[in-house]
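The values are calculated or read from the model by the stated rules, or taken from the named source; none is laboratory data. Predicted model only: the values in this text are computed from it and were never measured. Ideal geometry is used to build each Cβ from the backbone, glycine not excepted, and the neighbour counts take in all protein chains shown. Just the protein is used for accessible areas: all its heavy atoms, side chains included, with ligands, DNA and RNA removed. Shrake-Rupley method; radii C 1.70, N 1.55, O 1.52, S 1.80 Å.
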Amino acid sequence: MMRSKASPSTVCTRFSLQWRSFSTSPQARAQSIPQPPPQAGYARLTNRGLISITGLDSTTFLQGLITQNMFIANDPNRRVRHTGSYAAFLNSTGRILNDAFIYPLPQSEGASPDEPAWLVEVDKNEVPSLLKHLKKHKLRAKLKLRALEEDERTVWAAWKNHSEPRWAAYNLESSTSSPFPSSQSVVGCVDTRAPGFGTRLVTPGSDDLRTYVPDEAQVAGDEVGLDGYAIRRMLHGVAEGQSEIIRESSLPLESNMDMMKGIDFRKGCYVGQELTIRTHHTGVVRKRILPVQLYEGAADALPSSDGPVYDPSVKLSLPPSGSNISKVSARRGRSAGKFLGGIGNIGLALCRLEMMTDVTLTGEGSQFTPDQEFKVSWSGPEGSEGQDGEVKLKAIVPSWTREFIMAGGAKNNNNPNREGRRAKDYLEQLEGEEAQR
């Protein structure tokens, strides 16, 4: 049964503005819980690293390694895309090595003015392993690979809830150039991982973002800490980095990369394509990463909301990443999913949809019952004290995720004109809601 449809901007408002108290355990680990993210702001992403790829073969080299298309889709001239994009590097069995953003650099920053240059943004801890992966596939390709030093460039996330139409329009592959001032070597892209999620920017050096983008129409609000950005990600159900998208274990479609526009299913061959395409053509993805509400006590104490509710006053012990989720019952049964990470009373988990949610994928029926509760239990290292724990969780399906699944996923959304229509409808919706505020 489908819930009543809520607009993306309405859901985002609820995510940010509603907080209620839950019962907490006296044994909960003492920790400093950050405040909810503001409606508009930007964050310095010190947990992300950058790799430079320059040279004649850099574009075709990346084309054979990532899930995204390095060329403008349906362009007979195969022009190289001029916008950044979300993508993933896979291993030969189709498992994710790294989630990434790919940014084109101005020609002046290439090996020569006529050679392409790219920046690859990944989990900072994964830069050495990704470099090793890239060098393994380099062979005789004419390109140079280099990990950037920390003070060379800075990665930023910026957002303005309900005021994103211009950025969203930029994400369409139009003939216009990047809105970022190229003379200052600022590059970026729309963050397509959730509706109205914001933008990604990379600036030279370590100066504040306002040094390069002072215009409030482009970047609004004040700087927010990394924890605030992480809370906003989790409220939107967006996983990031290999602590949440487990390296060589996670699958692209289970990690929502089809919904997040991180996969081009019409492009040519790339490493790991076979399993990704086969899963895509079956049309059924039984597990997906979803936001979860963490709690203790009775489920009827949870707030009635379409999304997770972050309460900074709640302190809960968090399970280790990768912990199994099970039903709250005495009898051991099939795992319902895996906990991936969390802050306070919210988190992310890889969930079996027909077990943990009311989403029905096939005609075989669902195992979901509204009164069924789920938990994560864990044990500390042998001989340690106070490391065992248990917490309950409730999976929540964001409205845009539900809409994507019910519409048949990417398999039924491959019409190149469909994305333009959906983007246009979304822009009109945002502008209408903004006018009413």
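Residue-level check: of (1) more than 16 Å from LYS287 (Cβ to Cβ); (2) at pLDDT 70 or above, ALA330 misses just (2). The test for being modelled with pLDDT of 90 or more and open to solvent by 20 Å² or more (accessible area, probe 1.4 Å) holds for LEU226. LEU209 falls short on exactly one of the conditions (1) buried (at least 18 other Cβ atoms within 10 Å of the Cβ); (2) outside the structural domain of LEU50 (by the TED database); (3) at pLDDT 90 or above, and that condition is (2). Residues in the range 312-344 that are open to solvent by less than 10 Å² (accessible area, probe 1.4 Å) and over 18 Å from ASP388 (Cα atoms): VAL314, ALA336, GLY337. Residues satisfying the criterion are absent from the range 267-290 (criterion: in the same structural domain as GLN372 (by the TED database), open to solvent by 60 Å² or more (accessible area, probe 1.4 Å) and acidic (Asp, Glu)). Checked against the criterion of being in contact with an Asp or Glu (Cβ under 8 Å, 6 or more places away or on another chain) and outside any helix (DSSP H, G or I), the candidates SER321, SER249, SER317 yield just one match: SER321. Selection of the range 32-68 for residues being in a loop (DSSP other than H, G, I, E, B), more than 18 Å from the chain's Cα centre (by Cα) and in contact (Cβ under 8 Å) with a residue 40 or more places away in the chain yields ILE33, PRO34, GLN35, PRO36, PRO38, GLN39, GLY55, LEU56, ASP57, GLY64, LEU65.
Matching residues to (1) modelled with pLDDT under 95; (2) not small (Gly, Ala, Ser):
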position: ARG140; (1), (2): yes, yes
position: LEU145; (1), (2): no, yes
position: ARG153; (1), (2): no, yes
position: GLU164; (1), (2): yes, yes
position: SER178; (1), (2): yes, no
